[in-house]
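Participant: Below you will find the structure I want to go over with you.
The values are calculated or read from the model by the stated rules, or taken from the named source; none is laboratory data. Nothing here was measured: the structure is a model prediction, and the numbers come from that model. Positions of Cβ are generated from backbone atoms using ideal geometry, with glycine treated the same way; all protein chains shown enter the neighbour counts.
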């Protein structure tokens, strides 16, 4: 058994290490944009840093509480999003469902139409700027957290939350 372990551990390292190294901030940005394009709230949230994800989840819980205490106020907030979500929807939606319903509001061009990518890295932080054929540019800020790049901020998020 010990011989087998010694033989397998180096091969496992060789097989697993490149997959983590391949996920650059640009790759993560593309994954984020595909999550937006296809309305995948769970994938979108998984790219968020732990603090940003907690902030989004807390905001959603607060919105749910408002919907129970003051449904009219919650309905007014939801109408501003343009997502079509109602107070009734909040009763059964998870945070992932809620984010999935918000993502189409962004109306972002496809990641396939990106014509320019700029990356600036400093230590455990990265800044990525994507520019589309239409001239739209969006900046994304990342930090290295739990062995992957996690989003800490973006002008894209300001449009959502």
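Participant: Does residue 52 satisfy the criteria of being without any contact (Cβ under 8 Å) to a residue 40 or more places away in the chain and surrounded by 13 or more Cβ atoms within 10 Å (Cβ to Cβ)?
Facilitator: Working: without any contact (Cβ under 8 Å) to a residue 40 or more places away in the chain: no; surrounded by 13 or more Cβ atoms within 10 Å (Cβ to Cβ): yes.
No; evaluated as a whole, the condition is false for this residue.
Participant: So, one more: Is it the case, given these coordinates, that residue 19 is under 15 Å from the mean Cα position of the chain (by Cα) and either modelled with pLDDT of 95 or more or more than 19 Å from residue 151 (Cβ to Cβ) (or both)?
Facilitator: no
Participant: Looking at (1) touching a helix residue (DSSP H, G or I) at 6+ places or on another chain (Cβ under 9 Å); (2) within 16 Å of residue 138 (Cβ to Cβ), which is the only condition residue 72 fails?
Facilitator: (2)
Each row is one residue, and each column tells you yes or no for (1) closer than 20 Å to residue 43 by Cα; (2) at pLDDT 90 or above.
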residue	(1), (2)
89	no, yes
117	no, yes
131	no, yes
140	yes, yes
145	yes, yes
152	yes, yes
159	yes, no
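Participant: Inside the range 60-73, can you point out the residues that are surrounded by 12 or more Cβ atoms within 10 Å (Cβ to Cβ) and closer than 16 Å to residue 160 by Cα?
Facilitator: Within the range 60-73, 60, 63 meet the criteria.
Participant: Considering only residues that are out of contact with any strand residue (DSSP E or B) (no Cβ under 7 Å at 6 or more places or on another chain) and over 13 Å from residue 29 (Cβ atoms), which ones fall in the range 104-120? Working first, answer last.
Facilitator: Pass one, the range 104-120, residues out of contact with any strand residue (DSSP E or B) (no Cβ under 7 Å at 6 or more places or on another chain): 104-108, 110-112.
Scanning the range 104-120 gives 104, 105, 106, 107, 110, 112.
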